[in-house]
Amino acid sequence: QAKARGRNCVVVFDDAMHHQATERLDTELQLRHALGRGELVVHYQPVLELPSGRVAGVEALVRWQHPVRGLLTPSAFMELAESTGLVVSIGEWVLETALAQVQRWRTSLPGGAELTVAVNLSARQVAAPDLTGLVRRVLDSSGIDPAAVHLEMTESVVMNDGAVYVDVLTELRALGVGLSVDDFGTGYSSLSYLKRLPVDTLKVDRSFVDGLGGSDPHDRSIVVAVLSLASALGLQVVAEGVETDAQLRELVALGVRSAQGYLWKRPVAAAELGPWLVERTQRTGR
Ligand code: C2E
Ligand code: MG
Ligand code: MG
Ligand code: MG
């Protein structure tokens, strides 16, 4: 009986693996066409100034409106996009779309003239030839002030081969854009790279914001350490993933000046965020 079950298990496992491989191939084929078919969308999440609560800008976050599976977040397709290299063309499209959108808001929304936009870059994009040329072209075609644009990279992206990226990042900074280290504190990197790289902002990972407001004293210590590191190096800090009033109170008490999270707004399509921005600006001023 055990043997029969064993054999069954093997069969089930094989089927599951086959199914998984087929699904991956399907997804890959569909992702190849998603851009051309207009299935990718950019959602925007506001980034707020603390303690005023004024909107400083937005972060652009890509979504895939899949014809069958519905709206997919990056966890469902970005790994595949990265491993196939599709992330390079997707990333270019996100950059164009987000900069154009935010420039429209800057010129048309009451109180929107100072809005900033943050766009995430993947490892492949940073390693691709002429990222600087691409960013320059997109800045030009959108007409947005480069100082209003922040490019976000995780530690693993900037650290992959520090020596190579110093050049690229220095070129990007020379265009006038800001550079942020995303998910800060979750990588394995030594901190010495921060001194060598021309970054100007650290985004404190959501996993550390999580325990603020009393539930985890270690998270508080980590955020305090990041703040003191940032201040020593002259870097700005943004807290990610703020969900509760208790977390917000503690961030304000610690002196954090910038945050984003579900507490204020989840990432949504431009058509939904536009009116929200107007309404919010009427209440908090700018
Ligand atoms: P990220 O850049 O760290 O973006 C923040 C993520 O946290 C987003 O997930 C956002 O929806 C989520 N988030 C924001 N506030 C809260 C909160 O209060 N609670 C919780 N639980 N989550 C919150 P999302 O949109 O699923 O994106 C995941 C990651 O995918 C991003 O992390 C970024 O690394 C990557 N990504 C997104 N868009 C792009 C893109 O256009 N290009 C590249 N290369 N990567 C992207
Ligand atoms: Mg980000
Ligand atoms: Mg992050
Ligand atoms: Mg992330």
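Quick note: the coordinates plus some simple rules give every number you see, no bench work behind them. Computed from a prediction, not measured in an experiment: that's the story for all the values here. So basically every Cβ, Gly included, is an ideal-geometry build from the backbone, and we count neighbours across all protein chains shown.
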Which one, Ala259, Ala148, Ala21, has the greatest fluctuation when you compute a Gaussian network model over the chain with C-alpha springs under 10 angstrom?
Ala21
Restricting to Cα atoms and excluding each atom paired with itself, what does the Kirkwood estimate give for the range 103-204 in Å?
14.2
Stretch gain in nm, segment Ser221-Leu263, where the contour uses 0.36 nm per residue and the Cα spacing is subtracted:
12.9 nm
If you count, for each residue, the other Cβ atoms within 10 Å and average over each peptide, how do 59-72, 200-213 line up from highest to lowest?
200-213, 59-72
What's the FRET efficiency of Thr284 with Arg69 using the Cβ-Cβ distance as r and R₀ = 35 Å, to the nearest 0.05?
0.40
Local electrostatic count at Ser122 - Lys and Arg +1, Asp and Glu -1, tallied over other residues with Cβ under 12 Å:
-4
In Å and from the alpha-carbon atoms only, list the Rg and Dmax of the range 182-286.
15.2, 44
Theoretical gain in end-to-end length, Asp210 to Lys195 [0.36 nm per residue, Cα-Cα removed]:
2.7 nm
Dipole check, the chain, charges on Cβ (K,R +1; D,E -1), about Cα centroid: among Ala270, Ala230, Leu194 the Cα furthest to the positive pole belongs to Ala270
Can you say what percent of the DSSP beta bridges in the chain, counting only those with both residues inside, are antiparallel? Round to 5.
45
Rounded to the nearest 500, what is the chain's calculated 222 nm mean residue ellipticity when only DSSP H runs of at least 4 contribute -39500 (n - 2.57) each, over all residues?
-16500 deg cm²/dmol
Given contacts defined as C-alpha pairs under 8 Å and at least six residues apart, what's the relative contact order of the chain, whole-number percent?
19
Jot down the per residue volume, in cubic angstrom and as a whole number, of the convex hull over the alpha-carbon atoms of the chain.
172
Taking the Cα centre of the chain as origin, work out the dipole magnitude from +1 charges on Lys and Arg Cβ and -1 charges on Asp and Glu Cβ, in debye rounded to 20.
380
By how many nm would the segment from Ala123 to Glu171 grow when fully extended, if each residue of separation counts as 0.36 nm and the alpha-carbon distance is taken off?
15.6 nm
What fraction, in whole percent, of alpha-carbon pairs in the range 227-286 exceed 14 Å separation?
66
How big is the Kirkwood radius of the range 144-233, worked out from every pair of different alpha carbons and given in Å to one decimal?
13.9
